[in-house]
1. Tally time: how many residues in the stretch A:85-107 are over 23 Å from A:Lys30 (Cα atoms) and not acidic (Asp, Glu)?
2. Looking at the stretch A:94-121, which of its residues are under 20 Å from B:Glu26 (Cβ atoms), within 9 Å of another protein chain (Cβ to nearest Cβ) and in a strand (DSSP E or B)?
3. Would you check which residues across the stretch A:1-27 are without any contact (Cβ under 8 Å) to a residue 24 or more places away in the chain and exposed (fewer than 14 other Cβ atoms within 10 Å of the Cβ) and list them?
4. Which of the strands (runs of 3 or more DSSP E) found entirely inside the stretch A:1-93 contain at least 2 residues meeting this: closer than 17 Å to A:Tyr142 by Cβ and within 11 Å of chain B (Cβ to nearest Cβ)?
5. Exactly one condition in (1) at pLDDT below 95; (2) charged (D, E, K, R); (3) under 24 Å from B:Arg87 (Cβ atoms) is false for A:Arg34; which is it?
6. Could you identify the single residue in B:Leu36, B:Leu98 that is in a strand (DSSP E or B), on the phi < 0 side of the Ramachandran plot and without any contact (Cβ under 8 Å) to a residue 40 or more places away in the chain?
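The values are calculated or read from the model by the stated rules, or taken from the named source; none is laboratory data. No experiment lies behind these values; they were computed from the predicted model shown. We place every Cβ from the backbone using ideal geometry, glycine too, and count neighbours over all the protein chains shown.
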Amino acid sequence: MLFRQDRTPFNVGRARFFDDSPGAPEATAKIYVRVEPQALGASIAAQVDTGAAWTILETEVAEALGLLDGAGESVRLRTRYGLIGGRLERTTITLLADEGESLDVDATVFVSREWLAGTFLGYGGFLQRIRFAIDPEENFFYFGAG
Amino acid sequence: MNRGENAGDIRARAARYLGEVRELVEREQVTEARKLLDAAPPDLLDEPSLLRWRSLLAPPRVTTAQRRDTDRRREYAWLRTHGSEYRGQWVALDDGRLVAAASSLQELRERLKHGSASFPFVHHLS
């Protein structure tokens, strides 16, 4: 457990993060945590990306959860891979802890059939309401509600 | 409702208003988009499309959950050792072992329904 200056808890849970995602083309170390989108019934890796405006779900995950043809709004967003058309949808993503408590985040995500990469957790609509810290020596990701 | 307007006119006016909201979102000016929604004319406040945008642009809500995952170092070790054998496929791993593999996530989930892994780690190997 980490504590804030006033001795109140900083986090409710912690999980081991990984520096890479096997099979993914990232050349440098990143932060991959585990999440469960909606009621997928499994954990998946998601890259923490504070520079991303929105959380983006891997396309097959979005499809499995019925989000590609959901009731949200269509938008075209600028991503690291260019301008992509898709939809903004509201769903729940659980940030999974290995110890302590996980967090259910009712969040807006971007889903698209044109998206060819994995799942990214963006700042807007997700990370902006989460306190988080990393210990790069032990590869722990600490988190709590912001 | 303006004098002489019918429901179709209101929807058209809402569409124009929300078109501006969409443009702001696409330019990553989400705070400005929220302000524009907050300033919507009173007669548009109950429009389904506006309510949808309000929901989408609402800040995330965070609550604690008791469900946990397990430390997946053994699963990652398996991926590093065997991942190249399953390139292009989805794999499900649990307890450091391969539980199922399939060419699509949908097919993988079907296979997992008949298996014993209660909460596997699933991964696509590009």
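1. Of the residues in that region, 8 qualify.
2. Passing the criteria: A:Ala107, A:Thr108.
3. Let us first name the residues in the stretch A:1-27 that are without any contact (Cβ under 8 Å) to a residue 24 or more places away in the chain, namely A:3-8, A:20, A:22-23, A:25-27.
Those that are without any contact (Cβ under 8 Å) to a residue 24 or more places away in the chain and exposed (fewer than 14 other Cβ atoms within 10 Å of the Cβ): A:Phe3, A:Arg4, A:Gln5, A:Asp6, A:Arg7, A:Thr8, A:Pro25, A:Glu26, A:Ala27.
4. Working: elements: A:13-16, A:32-37, A:44-49, A:73-79.
By residue number, A:13-16, A:32-37.
5. (1)
6. On the way: B:Leu36 fails: in a strand (DSSP E or B).
Only one candidate passes the filter, namely B:Leu98.
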